[in-house]
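**Q** One structure follows; several queries about it will come next.
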Amino acid sequence: ANPPRPALRAADKETFAYITATHRWQDIIKKAIDNINDSLNSSEIDKNEEGKKIIASMEELINQIQRKDQLIQIDDDGRSDIVTWANILNTYFKNETWFTATWLFAECYLYRRIISIITNTKYWRNFDPFFRQKEDSFKLSFSKIIEFSKRIDELISSSKLIINNKIIFFELAQISLWGNATDLSMLPNFGTNNNQDIEIKSLENSEKFILVNDLEKAWKWLSKFNNVRIDFVLDNAGFELYGDLIFSDWLIQSGYASEIHLHLKPIPWFVSDTTLNDFNWLLKILKSNNFFSKISEIEKLSLEKLVDRWQSYITNSKWIITSDFFWTSPYSFWHLEEKSPELYSNLCKSHLIIFKGDLNYRKLVYDCKWKTITPFKEAIGPLANSKNAPPLLALRTGKSDIFVGLDEGIEERLGTDKSWMYSGKYAVIQFSEGSK
Ligand code: F6P
Ligand code: MG
């Protein structure tokens with residue numbers, strides 16, 4: 001199925017897609033180059049030489065974007081998804097450029113090109129060119145990390161009184177939502193200024209920025225169940241991931257879920273997305289005694305207890321960590337069943353799939369120029385309307401040119417300057433119960 005609207009393209013100068021292709025992509029690649037440069041060490045001659053070649057290839061990538069070149073094949077790096085990329089390029093984007101191809105394709109393609117450059121080396125093949133940014137920004141969220149690790153203890157004890165559970169669900173869903181407000185592709189220099197701290201606006205104040213809030217409907221659906229499976233299609237590492245895990249922790253402790261599937265990216269993606277390495281790093285760092293400089297003994301113990309519990313979920317298969325190349329393909333989720341039938345039928349076993357973040361949202365709604373009043377269930381196409389569509393919830397702060405499901409008049413109220421759509425200030429929480 002194809003959506004009835006045209007796709008977003010960077011060629012359209014009125015869009016954030018255009019700003020992204022003309023400015024943000026270069027900044028992102030330059031930052032990756034800096035990270036490689038800083039990892040060069042003159043005593044490792046061969047590795048150094050290779051590092052310089054990677055930098056040259058990345059500089060060439062910037063030139064290709066600036067010249068608005070046609071898209072070329074991605075060098076085979078031995079990963080299993082490379083055939084899919086070659087087929088899609090040949091079939092749909094043969095004579096297209098970085099600007100005339102669909103924005104969704106061109107942007108995913110950019111990240112896949114970066115990974116291919118790195119993987120095709122001997123010494124750098126497992127190097128994550130965005131890792132340093134993820135690490136630096138996580139350090140800055142120290143105070144919120146501690147606050148939430150204390151809070152989850154309180155929430156778990158108060159879940160014993162069932163009447164509190166709806167309020168807790170709302171709170172944790174919003175923590176998970178606003179964790180998505182800052183992502184590092186929007187802030188390539190985030191972390192370089194030590195005064196920045198990740199900010200989660202106070203939840204009451206931030207509610208007015210949630211333009212559609214289906215939490216009531218999602219709660220009505222979820223609270224019917226006990227011990228079911230819930231899935232998170234995760235987005236960013238570090239602080240956002242931490243909030244998602246706090247939410248997952250409570251879902252297990254409160255008895256609504258007995259099994260949470262956490263879907264990660266198989267390769268570094270869109271700067272800050274969570275890979276297995278990022279996931280393991282988070283747990284390690286929360287337990288290590290020297291990562292945060294001003295931590296007290298009590299805070300250390302609180303984090304240790306938290307991580308021990310999380311590790312026990314993994315050991316006991318209550319949390320199942322998984323990744324699939326479908327998540328780093330350029331396909332919209334309209335094609336999930338057709339292109340990845342096994343993943344799809346597995347996901348259909350879930351009682352709720354929570355899609356985090358902006359890129360997942362773009363893929364849910366096919367990255368099209370929808371009218372903002374288009375119903376969410378229309379915009380997600382087969383994922384809401386096919387005969388076995390799964391129940392799903394999107395938690396997303398707006399960082400692209402798309403919002404759907406808004407009431408009549410909201411777009412007009414927010415004004416003709418469309419930057420509200422991609423500033424990260426506004427969010428949506430949208431639910432579809434599927435057709436089970
Ligand atoms: O650059 C495209 C984009 O989707 C932005 O719109 C957003 O900043 C980023 O990539 C990804 O955001 P998220 O981490 O929320 O998926
Ligand atoms: Mg992301």
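Rule-based calculations on the coordinates, nothing more; no lab input. Computed from a prediction, not measured in an experiment: that's the story for all the values here. Positions of Cβ are backbone-derived with ideal geometry, glycine not excepted, and every protein chain shown enters the neighbour counts.
**Q** Just the C-alpha atoms of the range 219-269: what Rg/Rh do they give, with Rh taken as the Kirkwood radius?
**A** That ratio is 1.03, to two decimals.
**Q** Could you compute Rg(Cα) / (2.2 N^0.38 Å) for the range 337-436, with N its residue count?
**A** In units of the globular-protein estimate, the range 337-436 measures up at 1.11.
**Q** Sticking with this structure for a sec: Over the residues of the range 109-187, compute the C-alpha Rg and express it relative to 2.2 N^0.38 Å.
**A** In units of the 2.2 N^0.38 Å rule of thumb, it is 1.63.
**Q** Sticking with this structure for a sec: Could you list log10 I(q)/I(0) for the range 1-115 at q = 0.09, 0.16, 0.19 Å⁻¹, which the Debye formula gives when each Cα is one point scatterer?
**A** -0.29, -0.82, -1.06
**Q** Also, I was wondering about something else. Given the convex hull over the Cα atoms of the chain, what projected area results after averaging over all orientations, in nm²?
**A** Value for the chain: 21.0 nm².
**Q** Here's another thing I want to ask about it. Can you classify the range 142-183 as rounded, prolate or oblate using the Cα gyration tensor, where a ≥ b ≥ c are the square roots of its eigenvalues, rounded means a/c under 1.5, and otherwise it's prolate if a/b beats b/c and oblate if not?
**A** oblate
**Q** Sorting check: for 361-371, 137-147, 152-162, which peptide has the highest mean count of neighbouring beta carbons within 10 Å, and how do the rest follow?
**A** 361-371, 137-147, 152-162
**Q** Give, as a single signed number, the net charge of other residues whose beta carbon lies under 12 Å from the beta carbon of TYR331, with Lys and Arg counted +1 and Asp and Glu -1.
**A** Counting the neighbours of TYR331, the net charge comes to -2.
**Q** Output the Kirkwood hydrodynamic radius of the range 210-319, Cα pairs only, in Å rounded to one decimal.
**A** 15.4 Å
**Q** Out of LEU383, LEU245, LEU343, any idea which swings most in a Gaussian network model of the chain, alpha carbons joined below 10 Å?
**A** LEU343
**Q** When the distances between all Cα atoms of the range 9-72 are binned every 5 Å from zero, what whole-number percent does each bin get?
**A** 4, 17, 22, 19, 14, 10, 7, 4, 2, 1
**Q** Going by a ≥ b ≥ c, the root eigenvalues of the Cα gyration tensor, does the range 49-177 fall in the rounded group (a/c under 1.5), the prolate group (a/b larger than b/c) or the oblate group?
**A** Because a/c hits 1.5 or more and a/b exceeds b/c, the range 49-177 counts as prolate.
**Q** Right, here's the next one. Suppose R0 equals 41 Å. What FRET efficiency, 1/(1 + (r/R0)^6) with r the Cβ-Cβ distance, do SER258 and LEU203 give to the nearest 0.05?
**A** Calculated transfer efficiency: 0.90.
**Q** Same structure again: Using a Gaussian network model of the chain whose springs link C-alpha atoms within less than 10 Å, name the residue from PRO268, PRO390, PRO375 with the highest mean-square fluctuation.
**A** Highest fluctuation among the options: PRO375.
**Q** Contour minus end-to-end for ILE320 and LYS339, with contour as 0.36 nm per residue of separation and end-to-end as the Cα-Cα distance?
**A** 4.6 nm
**Q** Could you work out, for the range 289-386, what percent of all Cα-Cα pairs fall into each 10 Å distance bin, beginning at 0 Å and stopping at the bin that holds the largest distance?
**A** All Cα pairs, binned at 10 Å, distribute as 12, 33, 22, 18, 14, 1 percent.
**Q** Sticking with this structure for a sec: Compute the Cα gyration tensor for the range 357-407, then decide on rounded, prolate or oblate, letting a ≥ b ≥ c be the square roots of its eigenvalues: rounded whenever a/c is under 1.5, prolate when a/b is larger than b/c in the other cases, and oblate in all that remain.
**A** prolate
**Q** Which value in deg cm²/dmol, rounded to the nearest 500, describes the helix-derived mean residue ellipticity at 222 nm for the chain, given -39,500 (n - 2.57) per DSSP H run of n ≥ 4 and division by the residue count?
**A** The helix-only estimate for the chain comes to -13500 deg cm²/dmol at 222 nm.
**Q** Can you pull a Stokes-Einstein diffusion coefficient for the range 63-119 at 20 °C (1.002 mPa s), Rh from Kirkwood over Cα pairs, as a whole number of µm²/s?
**A** It diffuses with D of about 187 µm²/s by this estimate.
**Q** Sticking with this one: How many percent of the alpha carbon pairs in the range 247-306 exceed a separation of 13 Å?
**A** For the range 247-306, the share of Cα pairs beyond 13 Å comes to 71 percent.
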